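Please treat every number below as a calculation from the coordinates, not as lab data. Just so you know, these numbers come straight off a predicted model, no measurement behind them.
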Amino acid sequence: MDFYDKMNTAGAGNVQQLTPLHLSKRWEGKFDDLVVYSDDQAERIREIISILIFGQILKVLIVKEQRSLHFYHYMLGKPFSRLEPIGPRRQVIANLLQDAKLRVTLTSVIALRESRLSSSEMLAYHRAVQALANSPELIRKTPEDLLLGQKLVEICQRAGETIREDLDRISALDQPLRYEYLQKLDNSGLNGCLASTYGSEPPNLGTAHLGRTTFPHVTLGGLEET
């Protein structure tokens, strides 16, 4: 007997208890709506999610809590020299879908910052990405999961022996134990509960960034005020 058969046979007082999750208002805003994207839109969404994840870690994006939501900002260069808000996660995705110039700029700055990581910074970066990839908050087979997995491959190919010992220790642990292990490391790359890396507000997961080797905030020069 499926849900709707049960609802037809249940008394009025029991119907609410049988309400499936997709009809319950308790879950509103917790998950993004299912949307069918074209190939071009899907590639842009993938780029934006990458910006949200790795931009936070590398301090290209700055997250501040406002009205119980977490708003993303970037630093405008001279002559403005101020934080420029781009909104909460859903709004950031919508804005960056339309603003190709800012999307390309953020992607380029993230790539540049990654390319300039020192050995110690690369170790911290690896631990931060590992922590997010092994977080109990991460839903498997999502774009976030795939992007984190691809980033770990990139880091391993680039860093090689710099992270080999670290990688061996993490890989030896059962997957459910890795996140807790990484949180306890002095240089784990996790520092405070600032914002959610996954899904929509309200957030639960502490944002990863480079703990004791944290970069200064990036200033994006040459961006014009709109």
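Would you mind pulling out the separation of the Cα centroids of the range 159-173 and the range 109-131, in Å? Distance between centres, Cα-based: 15 Å.
Exceedance of the 24 Å cut-off in Cα-Cα distance is limited, within the set Lys59/Lys151; Lys78/Lys151; Lys141/Lys184; Lys64/Lys141; Lys59/Lys101, to Lys78/Lys151; Lys141/Lys184; Lys64/Lys141. Using only alpha carbons, the range 40-184 has a radius of gyration to Kirkwood radius ratio (Rg to Rh) of 0.98.
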